[in-house]
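To start, the structure itself, in structure tokens.
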Amino acid sequence: MRNTRRGLKRDQWIDLARCLDWELTYVDEKQVFPELPSGRPWLSHEAWRDWDEPYRTTYAEYVETQHAKEVALDQLRDELGRVENFERLDRAWLSAIKLHAATLPLAEFAAVVGNLRAGRFGRTSAWRTAATFGALDELRHTQIPLLLMHELVRWDPQFDWTHRLFHTENWVAIAARHLVDELLVLADPIEFSIATHFVFETGFTNLQFVGLAANAHRVGDRMFEKMLQSIQTDEARHSQAGNPVLAMLVQRDPERAQYLVDKWFWRSWLFFSVVTGIAMDYLTPLPRRSASFKEFVEEWVLDQFQSSVKEAGLALPWYWEQFLQSVEHYHHRVYVSAYTYRATVWFDFALPGPDERAWLREKYPRAFDSIAPIWERLAERCLKAGPNVEWHTHGFTPIGFCNLCQLVLSGGTAERNTANTLVHEGAPYIFCSEPCRRVFQREPERYAGHKDVVKRILAGEAPANLLELLQHFGLSQETRGRDLQRGDYPWLQQRKLMA
Ligand code: MN
Ligand code: MN
């Protein structure tokens with residue numbers, strides 16, 4: 001416990017210092033906190049006055065703790081943040097870093113906006129203080145990876161996509177913006193708190209900041225490991241703002257509370273299964289994998305999310321069975337689809353060989369056998385294509401995207417794709433899954449006007465020809481994704497000799 005100069009103990013003044021809401025006299029509460037930016041249901045300050053979260057950080061404590069974190073990371077960057085440190089790493093792992101670095105840091109910047117809105121329109125001063133620290137946290141989560149990756153751009157131009165992705169019309173950027181703009185920029189503080197703090201941060205970010213950090217450690221990438229861990233300590237604190245907001249909504253409008261948890265769990269799940277699922281099960285070198293993505297999900301998402309939903313007095317999302325099936329199948333299907341469309345992204349892909357496939361089969365006994373034949377066909381094509389491998393194992397037709405999540409229509413299993421359609425006000429829509437369709441149906445005014453890649457092509461706003469589309473996506477010869485070995489794998493060479 002720290003003492004102030006007057007000798008008061010922290011717990012003697014903290015309650016007073018955290019509750020600095022004054023009584024309004026010449027304006028009323030609704031003018032200061034209008035419903036639109038403050039969130040529904042609109043309740044008086046009186047209803048929110050007991051809002052509390054466990055960290056109860058003061059500004060002095062915040063500055064001291066954060067300063068120590070910055071100093072530690074800065075020292076590490078001097079030792080481990082140079083090109084030569086990254087040159088030593090496995091190239092598939094570098095692809096995992098490129099995927100993380102492009103999708104997360106600018107989303108963190110959107111989270112600054114979401115937190116600042118709560119820092120102004122949160123309904124108690126304790127909430128507003130926690131949100132202000134949250135905004136400062138998210139700013140460092142933007143700046144640290146931008147700074148680290150900037151060093152690498154001169155060595156490998158694909159790292160330029162750390163900053164570039166969100167400013168392009170690349171299909172991954174369209175999907176990522178569709179998610180983070182709604183989650184972090186559009187949402188009012190109540191939806192933001194439940195969606196971002198309770199679902200996204202408490203439910204999922206441990207996959208990336210703890211699980212992927214464990215892989216980074218095994219790969220020998222200490223810089224990335226320590227960066228993720230430093231970020232995670234902030235997430236663990238500011239995500240606690242979500243529980244008291246959710247508790248209030250459960251009390252006042254349980255139906256909407258359930259809807260928001262269901263919606264954001266599904267949307268967050270799709271995002272993490274693409275980013276973390278691919279990084280863990282395909283881009284982490286096989287001998288360095290500590291566990292499968294599914295095992296991380298079981299450990300970090302399933303147990304914890306199920307109990308926190310129960311504690312909040314809510315039910316599991318209605319699509320829980322579909323979610324469990326998706327844990328087995330979805331990211332495998334996205335990865336193989338993206339492999340055959342790899343020139344459209346900014347990182348390189350590995351073709352899983354016999355050892356990787358054996359590992360995947362062991363980890364995903366219910367799903368991998370239906371994926372394996374696709375890899376086998378691609379391996380055969382690689383053998384036949386020789387030096388022309390890039391285009392011989394690549395698709396040329398624009399692929400279909402979900403009108404809600406904007407990701408490839410890869411839901412379901414090999415036997416039964418879960419894509420489904422809807423006509424809304426005379427216009428056709430397609431979705432990767434039932435949960436995506438139901439979210440759209442509940443809030444069509446939010447989503448109906450958005451154009452996915454195919455709709456843009458049909459409207460003449462994007463080219464259909466693949467090479468032109470790559471340019472439109474912001475990719476050059478140097479930056480577009482390739483097969484990591486140019487199809488030249490030792491296990492394929494062996495096969496060739498035996499044939
Ligand atoms: Mn963050
Ligand atoms: Mn956060």
(message) Only one of Ser292, Ser273, Ser326 is in contact with a Lys or Arg (Cβ under 8 Å, 6 or more places away or on another chain), farther than 26 Å from Arg381 by Cβ and crowded, with 16+ Cβ neighbours inside 10 Å. Can you tell me which?
(response) Ser292
(request) Could you please find all residues in the stretch 336-348 being surrounded by fewer than 23 Cβ atoms within 10 Å (Cβ to Cβ) and over 15 Å from Pro398 (Cα atoms)? (result) Val336, Asp348
(request) For the stretch 36-51, indicate whether the set of residues that are assigned to a loop (DSSP other than H, G, I, E, B) and small (Gly, Ala, Ser) is non-empty. (result) yes
(message) Which residue is surrounded by the fewest Cβ atoms within 10 Å (Cβ to Cβ), if the candidates are limited to the stretch 161-202 and must be closer than 17 Å to Asp262 by Cβ and among the hydroxyl-bearing types (Ser, Thr, Tyr)?
(response) Thr202
(request) Just give me the residues in the stretch 222-266 being away from ligand 2 (no atom under 16 Å from the Cβ), among the β-branched types (Val, Ile, Thr) and either over 20 Å from the mean Cα position of the chain (by Cα) or at positive phi (or both), in sequence order. (result) Val250
(request) Would you be able to say whether some residue in the stretch 103-110 is surrounded by fewer than 24 Cβ atoms within 10 Å (Cβ to Cβ), away from ligand 1 (no atom under 16 Å from the Cβ) and in a helix (DSSP H, G or I)? (result) no
(request) Sort out which residues of the stretch 193-214 are within 11 Å of ligand 2 (Cβ to nearest atom) and either under 17 Å from Pro244 (Cα atoms) or not in a helix (DSSP H, G or I) (or both), and write them in order of number. (result) Thr196, His197, Phe200, Glu201, Thr202
(message) Test of understanding: among Glu390, Glu356, which residue is on the phi < 0 side of the Ramachandran plot, in contact with a Leu (Cβ under 7 Å, 6 or more places away or on another chain), in contact (Cβ under 8 Å) with a residue 60 or more places away in the chain and not aromatic (Phe, Trp, Tyr)?
(response) Glu356
(message) Looking at the stretch 146-154, can you tell me whether even one residue there is within 21 Å of Gly481 (Cα to Cα), hydrophobic (A, V, I, L, M, F, W, C) and within 15 Å of ligand 1 (Cβ to nearest atom)?
(response) yes
(message) Checking Trp93 against (1) touching a Pro at 6+ places or on another chain (Cβ under 7 Å); (2) within 15 Å of ligand 1 (Cβ to nearest atom): exactly one of these is not met. Which one?
(response) (2)
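Going by the conditions given, is Ala130 more than 23 Å from Ala216 (Cβ to Cβ), in a helix (DSSP H, G or I) and within 14 Å of ligand 2 (Cβ to nearest atom)? Talk me through it step by step, then tell me what you get.
On the way: more than 23 Å from Ala216 (Cβ to Cβ): yes; in a helix (DSSP H, G or I): yes; within 14 Å of ligand 2 (Cβ to nearest atom): yes.
Yes: the conditions hold for Ala130.
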(message) Looking at the stretch 16-35 only, could you name the residues that are assigned to a helix (DSSP H, G or I) and modelled with pLDDT of 90 or more?
(response) Glu29, Lys30, Gln31, Val32, Glu35
(request) State whether the residues of the stretch 340-348 include one that is under 27 Å from His217 (Cα atoms), among the aromatic types (Phe, Trp, Tyr) and part of a helix (DSSP H, G or I). (result) no
(request) Only residues that are more than 19 Å from Phe272 (Cβ to Cβ) and assigned to a helix (DSSP H, G or I): list them for the stretch 163-190, please. (result) His163, Arg164, His167, Val185, Leu186, Pro189, Ile190
(message) Being part of a loop (DSSP other than H, G, I, E, B), at pLDDT 95 or above and within 30 Å of Trp48 (Cβ to Cβ): is that true of Arg154 here?
(response) no
(message) Return the residues of the stretch 423-474 that are within 24 Å of the chain's Cα centre (by Cα), in a loop (DSSP other than H, G, I, E, B) and closer than 30 Å to Trp318 by Cα; say none if nothing qualifies.
(response) Cys432, Ser433, Glu443, Ala448, Gly449, His450, Lys451, Asp452
(message) I need a count of the residues in the stretch 187-222 that are over 25 Å from Arg120 (Cα atoms) and not β-branched (Val, Ile, Thr).
(response) 17
(request) Could you look through the stretch 102-127, keep only residues that are small (Gly, Ala, Ser) and closer than 14 Å to Phe209 by Cβ, and pick out the one that is nearest to ligand 2 (Cβ to nearest atom)? (result) Ala111
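Residue-by-condition table, conditions (1) charged (D, E, K, R); (2) more than 14 Å from Phe401 (Cα to Cα); (3) surrounded by fewer than 12 Cβ atoms within 10 Å (Cβ to Cβ):
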| position | (1), (2), (3) |
| --- | --- |
| Cys432 | no, no, no |
| Leu458 | no, no, no |
| Glu461 | yes, yes, no |
| Gln485 | no, yes, no |
(request) Filter the stretch 223-253 down to residues that are within 15 Å of ligand 1 (Cβ to nearest atom) and within 20 Å of Phe121 (Cβ to Cβ), then give me how many there are. (result) 5
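With respect to Asp50, is the statement that it is free of Cβ contacts under 8 Å to residues at least 12 places away in the same chain, within 15 Å of Leu146 (Cα to Cα) and of a type in the set (D, E, K, R) true? Let's see the steps before the verdict.
Values: free of Cβ contacts under 8 Å to residues at least 12 places away in the same chain: yes; within 15 Å of Leu146 (Cα to Cα): no; of a type in the set (D, E, K, R): yes.
No.
The values are calculated or read from the model by the stated rules, or taken from the named source; none is laboratory data. Every value quoted in this text rests on a predicted model; they were computed, and no experiment measured them. Cβ: placed from backbone, ideal geometry, glycine included. Neighbour counts: every protein chain shown.
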